[in-house]
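The values are calculated or read from the model by the stated rules, or taken from the named source; none is laboratory data. A quick note: this is a predicted structure, and the numbers were derived from the prediction, not measured. In this analysis, Cβ positions are derived from the backbone assuming ideal geometry, glycine residues included, and neighbour counts consider all displayed protein chains. Heads up: the accessible areas ignore ligands, DNA and RNA and are worked out on the full protein's heavy atoms, side chains in. Shrake-Rupley method; radii C 1.70, N 1.55, O 1.52, S 1.80 Å.
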Amino acid sequence: MDVQEVPRALSEALRRTMVSEEFKQRFGQTPTLWAQAPGRLDLMGSHTDYNECYVITMAIDRNTWMAARPRSDRKVLVRSLNMEGGGEFDLNDITHDTDSPWTDYIRGVAAVFQDEGYTLHGFDGLIHSTIPFGSGLSSSAAIEVVTATTLKMLAGNWEIEPVRLALLCQRAENEFVGMNCGVLDQYSSALGQTGHALLLDCRNLTARTATLHDDMRVAICDTRAERELTGSEYGERREQCEEGARRLADFYPAVTHLRDLTLEQFIAHEADLTEVVAKRCRFIIEENQRVLDLADALSADDRAAIRALTEVSYAGAHDLFGIGAPSMEAMMKAMRSGPGVVGARQTGAGFGGCMVAFVEAHAVDAFAQYVSTRYRAETAIEPEVYPVRAAVGAGPLDFSGKT
Ligand code: ADP
Ligand code: MG
């Protein structure tokens, strides 16, 4: 099947049949092992993770599947139903792939786990994902975590804590792929919980559940606008935050990350920073407090607080952190005025991509329709607006008992 023709939204049974048939076509036999890893979104706390702050994150019911079959040699053959090309490599000599760079996520995971002493087995693998790429829902973490889960299953299940698995996947993205991301994405994909968002402490990597009220839904509003990025923006924001923490450590020696500063301490030395670094730091320090406040507001179902916190979060991302985009502005306008909306903001790295709204459950369909129409009218871009549910983290897909 041509990549362009592969549907993203389809029932589990149809998806399984499609992947199974494609696997047979490509590898001559049926898969013997299935794994999944979900995408994720932050409900609040974008860019707080690498500052060792808090974030409210949620694994979602959009995920990446890997169908696999062990091989008797040490080769790995992978194909994806979402991307052209594929990869073939030997576990004894894992190199980068310039022809199909997407396979570097798989190669990177294999290389890091092997380096850490985990036993690896060769396999044929076919991937299918329902997560849009590059929209802030972490398809990259999902492909890494599903690869690690597959390798673990092929080896008869290594003893490994899910947090460690997430950290090693992050290392694969940092060191092999070359993207200096925090661990938030991999953590969420590995440790998501059905029905719950997680309030994650990115310093200690501990989490408690942040409960969403029964009659509230989370809706993803994907701007689907081309991002105008040079690729350096994420690293630049990160460096600015690090510079701020370094400068402020001159006044407060215990500071290693922005996490260690109260707003009062920051304000006392704001003038010692360059204007741009001060703005970045202020956003992170304020956003960190908002994350904690939002977790409380969600638990208490305090809708006025949810609205206020999400509004200020969006304004800060735009005005202080500089990660806005015209498409986000248009989407925010549409979301803010949608039926049943409780709160709305950006999610992920920013510069376009997905936004997120809290919506009253009864109004979700009307909200989706309204937001799509209004955003399309303003931008001439067809967005994608859909509710998501908090989903379980990565693991085997068990089809036993299902036809
Ligand atoms: P995000 O993580 O926000 O979706 P990234 O740029 O970090 O965006 O990762 C997207 C990249 O990950 C894709 O361009 C592709 O290289 C790789 N990728 C993710 N999922 C798949 C998949 N199912 N098949 C092939 N490549 C994938
Ligand atoms: Mg990514």
- Positions within region 121-170 being within 16 Å of ligand 1 (Cβ to nearest atom), charged (D, E, K, R) and not in a helix (DSSP H, G or I), in sequence order: ASP124
- Restricting region 78-100 to residues that are within 14 Å of ligand 1 (Cβ to nearest atom) and part of a strand (DSSP E or B), the one surrounded by the most Cβ atoms within 10 Å (Cβ to Cβ) turns out to be VAL78
- Query: Considering region 321-355 alone, what residues qualify as being within 12 Å of VAL371 (Cα to Cα) and among the basic types (Lys, Arg)?
  - Reply: LYS333, ARG336
- Item | Matching option when the condition is modelled with pLDDT under 95, acidic (Asp, Glu) and within 16 Å of ligand 2 (Cβ to nearest atom), among GLU233, GLU159 | GLU233
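Among VAL392, VAL385, VAL359, which is the only one that is of a type in the set (Val, Ile, Thr), at pLDDT 95 or above and open to solvent by less than 20 Å² (accessible area, probe 1.4 Å)?
VAL359
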- Query: Looking at region 362-371, is at least one residue farther than 25 Å from SER138 by Cα, free of Cβ contacts under 8 Å to residues at least 60 places away in the same chain and outside any helix (DSSP H, G or I)?
  - Reply: no
- Query: Taking the condition of a type outside the set (S, T, N, Q), within 16 Å of ligand 2 (Cβ to nearest atom) and closer than 19 Å to LEU91 by Cα, does VAL183 pass?
  - Reply: no
- Query: For region 171-185, how many residues meet the condition of being assigned to a helix (DSSP H, G or I) and surrounded by fewer than 22 Cβ atoms within 10 Å (Cβ to Cβ)?
  - Reply: 5
- Message: So, in region 128-156, how many residues would count as being among the hydrophobic types (A, V, I, L, M, F, W, C), open to solvent by less than 10 Å² (accessible area, probe 1.4 Å) and within 16 Å of ligand 2 (Cβ to nearest atom)?
- Response: 7
- Specify the residue that is nearest to ligand 1 (Cβ to nearest atom); the eligible residues are those in region 101-120 that are touching a helix residue (DSSP H, G or I) at 6+ places or on another chain (Cβ under 9 Å) and under 26 Å from LYS24 (Cβ atoms). TRP102
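Of all residues in region 243-278, count the ones that are closer than 21 Å to TYR54 by Cβ, assigned to a helix (DSSP H, G or I) and open to solvent by 70 Å² or more (accessible area, probe 1.4 Å).
Summing the residues that are closer than 21 Å to TYR54 by Cβ, assigned to a helix (DSSP H, G or I) and open to solvent by 70 Å² or more (accessible area, probe 1.4 Å) in region 243-278 gives 2.
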- Selection within region 299-352 - of a type in the set (S, T, N, Q) and either open to solvent by 20 Å² or more (accessible area, probe 1.4 Å) or part of a helix (DSSP H, G or I) (or both): SER299, THR310, SER313, SER327, SER337
